[in-house]
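*Asks:* This structure is in structure tokens; I'll ask about it shortly.
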Amino acid sequence: MIAQQLVNALTLGSVYALFALGFTLVFGVLEVINLSHGAVFMAGAYAALLLVTKANLGIWVALPLAMLVSGALGLLIDQVVLKPLRARRAHHLMPMIATIGVATLITNAIQGIFGAETSRFPFGTIPEESFQIGAIRITELQIAIVIISSLLMLLLVAILKHTRLGKAVRAVAENPQTSYLLGINVEAVFCLVSFTAAALGGGAGVLIGLSFNSIFPFMGQALIPKGVAVIILGGLGDVRGAMVGGLFLGVAEVMSVAYLSSDYRDAVAFGLLFLILLVRPAGLFGRVMERKA
Amino acid sequence: MTETLQVFWATYNTLVFTVGVHAMLALSIFLTLSCGLLSLGNAAFMGIGAYTAALATLRLGLPFGEALALGGLLPGLVALVIGIPTLRLSGVYLAMATLGFGEVVRVIFLNLEITGGSMGLNGIPMKTQLWHILAILAVLVYGFVRIRRSKIGRSFEAIKEDETAAKAMGINTTAYKLLAFVMGAIIAGVAGGLNAHFTFFVSPREYGFDPAVDILTGAIFGGTGSFVGPMIGSAILAILPELLRFLQAFRLAVNGLILILVVIYLPNGIWDRKLFARLRKKGAA
Amino acid sequence: MQRKIVGTLYGLVAAFLVAATAQAAEVRLGVAEALTGAVAKYGVPIKNGFTLAAEEVNARGGVNGNKLVLVVEDEQAKKEEAINVFKKLIYQDKVLAIFGPTLSNSAFAANPIANQAKVVVFGTSNTANGITDMGPWTFRNSIMEADVLPVTVREAVKKFGIKKVAVLYGNDDAFTKSGYDVFKLVLEAQKIPVTSTETFARGDVDFRAQLTKIKGQNPDAIICSALAEEAANIILQARNLGITVPFVGGNGFNSAKLFEIAKAAADNTIMGGPWAAESNTARNKAFVAAYTKKYGAEPDQFAAQAYDALYIVAEALKAVKLTGNLEQDRKLLRDALPAVKIEGATGSFTFRKAPAKAGVDTGYDARQDAHIFIARGGKFVLMK
């Protein structure tokens, strides 16, 4: 049974990680806790749904296109809402509050337009096969999710580490003012990061939407608290941290259900969060940043 | 005329009480903010207070005053206990830790027999009256005004500005932060007790992540320059859905839009003294 | 002289006609449901059920010549909103009765208001224990799990030779928790051992951890108290994990959504209730056709119960002569309700007074027969 539970944890964790990745990128580079991340996640799922049902595209074509759509949405949010606040040097929580407003606006607007009912991908969109490997059962879809999430994450890490663009992003994350003085186009980096983070979130949305064949306006909101827990666990702003943190949370949740009680599953994420903060606030990979409230 | 007033009061008295309770919650978070602490645990403390006061009334048959007192006391004790390790953190980390604490509390409420689990506690008698809320608010406002000019207030300010410097100056930062945290919890707990006794019912879902974020939003929206801002901000956010009722399905969407617009164009919140000063100057000139 | 007589006659006829039309007033009924937010997926079908029924009644001339007017408000599944909405409907809109609210939680907060104000509050989706204990103005037509589940379990055991079961339920929702409480009592009473009890939260989509644990214990069936969304995902994931045993569900399973997601994986699922979309009565067939035509989707149990609830109230109103005095009319309606019998979309319906509680006058619950259904080929059919 433990092997099966680990497989369960791996798929759950991959999705947490993918969601948290966008979250942590925005925090690391833009220094904003973007609570509208759940909304772009959901927008990605709806975009894929529309592409599959109205434009008759296959799901593997719809996925990247949906990611582009959520990426664009993330960019829009940055330019319209976050940029004016950057210029103004407001209280550092104001952007977070603004993203709450964005999340409320988008989620309820989508509900007003598409209705409160849960939508589904049409029959046949999703691969349905499941395999038995030893004592483990896993579905094609689960395999696809793990592979796609891992690829996206590795791609991101590779770009950040080995390209000039990646270096520029890391520089801005380290210190925007100095980067500016060094000639880096900081605004362009912000735009790129907003786009990428939202695209990753949207991708996660499509994968979750496929996984459980449920797409509904509030699907992103439930993940936000988990996303917060993951980025704290992994270290705020750290990409590897988000990946490891996501997997860690997936394992912790699954194991607590398997060996303790499923009653307290929701508390696991936050219980861990609380403990990590008391013991090692920087999380697994982060550095503690001094901040005043 | 009195008929209209009577109808108005019968229809809207709960809303008025809700505004009052939200104002208290806004004050509780403002207190911690004024000391430089970003605590998101107030929803959980409100919950502890609500359940305690409700149980005191339902199971122990205590009179309202005593139930409320217990509703304030228990969260205060819990705050004392978790505050000591948690307040070593600062900034975003403190916020997340308190948020985490809040979620754990919610799940505990969900799973205990005594709190009724997901069914919560119902049949709580209606005991809250307008004068209770007004009286408590008045006391709080008076308290805040006095604190601002006292040694406690100045210490809070110093800690908020620069904690290291304050410590160097000999201020017992740990004690003062704990004071703010515990007092904030007590206020939130009393607000919870009041709320339980005019809504007949409490359940775990009301004290989790979303309500915690709502309280913060109300405070920041109103402006954290003084204690007036959060009260106004939370009052507006409480009344807004009522005013926007005619928008039906898009009501909450517009709510979100208004929040965005206020944040962008009024960065210090609605109750911005400097903004008023500037406008007055413009008017005078 | 003749002109004068004719003129007077015309005048009299005209006056008579004016007086007659002046009698055709409107009857205002409040509808307080969750129309926005996460719970809207239940609240909106409920509202649709009411709207359809009201339209049908009005198309036939209303009740005693009076048109039914629904005053619809969104209570957002938040208790303060439910209270505010109830107050508005009672004091400002001056409705004769209120339908709703959607969640039992909201009902615990808002129904006392209706009882205090002496206005009928009629729940169509509140199944928690204690709802009708709140006062004699509380009515509901949502059949209680306590009536259905003992039959469901017994029939399931007979059908599949079940010796031991695992239990899975949503522990943060009053509806699914109540269902679990009843299942627990039933399993004890019927002496069926439980291998383990697992829980999940409303809105969860991943149940593999709990299911893997359950699989390791080899139960003969899985008892599941969940709403249709979660139920469907649970069943699908169970099948993907290689669990082949049948599921036995409560009320929440009763929705076409179950099959939309789970499709053939849901075969052999057993659940009980008064209604299924495939129910063969003429009344139900007409309802399903009308609902599907108007809203472009098949109705679920929530819509069906709302539809019937409106007809129940309309039936009560038929027996009442409205006086125009609000307080009196509200009381007349309340007094006429307990005696109502209808043949609704959900079958034959009458009320039953809730068992007396110490010192409190109670309201009225539903008395309806439960049928046991089994899933075959993508829909629920009557299990023989």
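The values are calculated or read from the model by the stated rules, or taken from the named source; none is laboratory data. The structure displayed is predicted, hence computed values, not measured ones. Heads up, the Cβs are rebuilt from the backbone with ideal geometry, glycines too, and the neighbour counts pull from every protein chain shown.
*Asks:* Any idea how many residues of segment A:64-106 are of a type in the set (Val, Ile, Thr) and modelled with pLDDT under 90?
*Replies:* Of segment A:64-106, the ones of a type in the set (Val, Ile, Thr) are A:69, A:77, A:80-81, A:97, A:99-100, A:102, A:104, A:106.
Retained after the next criterion (residues that are modelled with pLDDT under 90): A:97, A:100, A:104.
Total satisfying the criteria: 3.
*Asks:* Can you confirm whether segment B:213-227 contains a residue that is farther than 30 Å from residue A:111 by Cβ and among the hydrophobic types (A, V, I, L, M, F, W, C)?
*Replies:* Yes; the residues of segment B:213-227 include at least one that is farther than 30 Å from residue A:111 by Cβ and among the hydrophobic types (A, V, I, L, M, F, W, C).
*Asks:* Ok, one more. Taking only segment A:271-289 into account, find how many residues are part of a loop (DSSP other than H, G, I, E, B) and at the interface with chain B (Cβ under 8 Å from one of its Cβ atoms).
*Replies:* Number of matching residues: 3.
*Asks:* Kindly evaluate residue C:205 against the criterion of being touching a Ser or Thr at 6+ places or on another chain (Cβ under 7 Å), surrounded by fewer than 23 Cβ atoms within 10 Å (Cβ to Cβ) and of a type in the set (A, V, I, L, M, F, W, C). I'd like the intermediate steps shown before the answer.
*Replies:* Values: touching a Ser or Thr at 6+ places or on another chain (Cβ under 7 Å): yes; surrounded by fewer than 23 Cβ atoms within 10 Å (Cβ to Cβ): yes; of a type in the set (A, V, I, L, M, F, W, C): yes.
Yes; evaluated as a whole, the condition is true for this residue.
*Asks:* When you scan segment A:250-278, how many residues do you find that are of a type in the set (A, V, I, L, M, F, W, C) and under 20 Å from residue C:202 (Cβ atoms)?
*Replies:* Going through segment A:250-278 one residue at a time, the tally reaches 6.
*Asks:* With respect to residue C:332, determine if the residue is of a type in the set (A, V, I, L, M), part of a helix (DSSP H, G or I) and either at negative phi or in the same structural domain as residue C:152 (by TED's automatic domain parsing) (or both). Full working, then the answer.
*Replies:* Numbers: of a type in the set (A, V, I, L, M): yes; part of a helix (DSSP H, G or I): yes; either at negative phi or in the same structural domain as residue C:152 (by TED's automatic domain parsing) (or both): yes.
Taking the combined requirement at face value, the residue satisfies it.
*Asks:* Considering B:173, B:86, B:164, B:115, which residue is closer than 30 Å to residue C:180 by Cα and of a type in the set (Ser, Thr, Tyr)?
*Replies:* B:115
*Asks:* Counting only residues that are surrounded by fewer than 24 Cβ atoms within 10 Å (Cβ to Cβ) and of a type in the set (D, E, K, R), which one in segment C:111-152 is farthest from the other protein chains (Cβ to nearest Cβ)?
*Replies:* By that ranking, first place goes to C:147.
*Asks:* Test of understanding: among C:261, C:243, C:234, which residue is touching a residue at least 60 places away in the same chain (Cβ under 8 Å), touching a Leu at 6+ places or on another chain (Cβ under 8 Å) and either surrounded by fewer than 20 Cβ atoms within 10 Å (Cβ to Cβ) or not assigned by TED's automatic domain parsing to the domain that holds residue C:299 (or both)?
*Replies:* Answer to the selection: C:234.
*Asks:* Among the helices (runs of 4 or more DSSP H) confined wholly to segment B:125-187, which include 2 or more residues that are in contact (Cβ under 8 Å) with a residue 12 or more places away in the chain?
*Replies:* Filter on segment B:125-187 gives B:130-148, B:151-161.
*Asks:* Looking at (1) assigned to a helix (DSSP H, G or I); (2) at pLDDT below 85, which is the only condition residue A:126 fails?
*Replies:* Every condition holds for residue A:126 apart from (1).
*Asks:* For segment A:119-140, enumerate the residues that are crowded, with 19+ Cβ neighbours inside 10 Å and touching a Pro at 6+ places or on another chain (Cβ under 9 Å).
*Replies:* Hit for segment A:119-140 is A:139, nothing else.
*Asks:* Exactly one of (1) surrounded by fewer than 17 Cβ atoms within 10 Å (Cβ to Cβ); (2) more than 15 Å from the chain's Cα centre (by Cα) is unmet by residue C:342. Its number?
*Replies:* For residue C:342, the exception is condition (1).
*Asks:* Starting from residues that are facing chain A (nearest Cβ under 9 Å) and in contact (Cβ under 8 Å) with a residue 12 or more places away in the chain, keep the ones in segment B:235-285 and report whichever is nearest to residue A:115 (Cα to Cα).
*Replies:* Among those residues, the one meeting the criterion is B:255.
*Asks:* Inspect segment C:287-295 for any residue being over 17 Å from the mean Cα position of the chain (by Cα) and small (Gly, Ala, Ser) and give the result as yes or no.
*Replies:* Yes.
*Asks:* OK, next. Hey, can you tell me all the residues within segment C:77-107 that are more than 16 Å from residue C:141 (Cα to Cα), of a type in the set (A, V, I, L, M, F, W, C) and modelled with pLDDT under 90?
*Replies:* C:77
*Asks:* Now, a different point. With the requirement that a residue be in contact with a Ser or Thr (Cβ under 8 Å, 6 or more places away or on another chain) and either away from chain C (no Cβ under 11 Å) or in contact (Cβ under 8 Å) with a residue 60 or more places away in the chain (or both), what does segment A:250-264 give you?
*Replies:* Within segment A:250-264, A:250, A:258 meet the criteria.
*Asks:* Next question. Just one of (1) within 25 Å of residue A:45 (Cα to Cα); (2) among the small types (Gly, Ala, Ser); (3) in contact with a Gly (Cβ under 9 Å, 6 or more places away or on another chain) trips up residue A:211, so point out which.
*Replies:* (3)
*Asks:* Just to be sure, is residue B:144 crowded, with 22+ Cβ neighbours inside 10 Å and not aliphatic (A, V, I, L, M)? Outline the logic, then answer.
*Replies:* Working: crowded, with 22+ Cβ neighbours inside 10 Å: no; not aliphatic (A, V, I, L, M): yes.
Considered against the rule, which asks whether it is crowded, with 22+ Cβ neighbours inside 10 Å and not aliphatic (A, V, I, L, M), residue B:144 comes out as no.
*Asks:* Residue pairs, Cβ under 8 Å, 6 or more apart or interchain, first in segment A:224-249 and within 10 Å of chain B (Cβ to nearest Cβ) and more than 23 Å from residue C:204 (Cβ to Cβ), second of a type outside the set (Phe, Trp, Tyr) and not in a helix (DSSP H, G or I). List them.
*Replies:* Pairs that qualify, where the first residue is within 10 Å of chain B (Cβ to nearest Cβ) and more than 23 Å from residue C:204 (Cβ to Cβ) and the partner is of a type outside the set (Phe, Trp, Tyr) and not in a helix (DSSP H, G or I), are A:236/A:283; A:236/A:286; A:236/A:289.
*Asks:* Please find, within segment A:112-139, the residue that is farthest from the other protein chains (Cβ to nearest Cβ) out of those that are closer than 20 Å to residue A:2 by Cα and either within 24 Å of the chain's Cα centre (by Cα) or in contact (Cβ under 8 Å) with a residue 60 or more places away in the chain (or both).
*Replies:* Selected residue: A:134.
*Asks:* Moving on. I'd like the residue in segment B:20-67 that is polar (S, T, N, Q) and in a helix (DSSP H, G or I) and, out of all such residues, is nearest to residue B:128 (Cα to Cα).
*Replies:* B:57
*Asks:* Restricting to segment C:182-222, give me the number of residues that are modelled with pLDDT under 90 and within 23 Å of the chain's Cα centre (by Cα).
*Replies:* 3
*Asks:* Looking only at residues in segment B:78-121 that are at positive phi and assigned to a loop (DSSP other than H, G, I, E, B), which one is nearest to the other protein chains (Cβ to nearest Cβ)?
*Replies:* That would be B:120.
*Asks:* Could you run through segment A:140-160 and say how many residues are within 11 Å of chain C (Cβ to nearest Cβ) and within 21 Å of the chain's Cα centre (by Cα)?
*Replies:* Total meeting the criteria: 2.
*Asks:* Could you run through segment A:35-94 and say how many residues are at positive phi and part of a helix (DSSP H, G or I)? Quick ask: steps written out before the conclusion?
*Replies:* Residues of segment A:35-94 at positive phi: A:56, A:89.
Pick out the ones that are also part of a helix (DSSP H, G or I) and you get none.
So the count comes out to 0.
*Asks:* Same structure, new question: Any residue at all in segment B:189-200 that is within 14 Å of chain A (Cβ to nearest Cβ) and either at pLDDT 80 or above or touching a Cys at 6+ places or on another chain (Cβ under 7 Å) (or both)?
*Replies:* So far as segment B:189-200 goes, no, none of its residues is within 14 Å of chain A (Cβ to nearest Cβ) and either at pLDDT 80 or above or touching a Cys at 6+ places or on another chain (Cβ under 7 Å) (or both).
*Asks:* To continue, here is another question. I'm checking my understanding of the structure. Among residues of segment B:201-234 that are within 13 Å of chain C (Cβ to nearest Cβ) and outside any helix (DSSP H, G or I), which one is nearest to residue B:265 (Cα to Cα)?
*Replies:* The selected residue is B:208.
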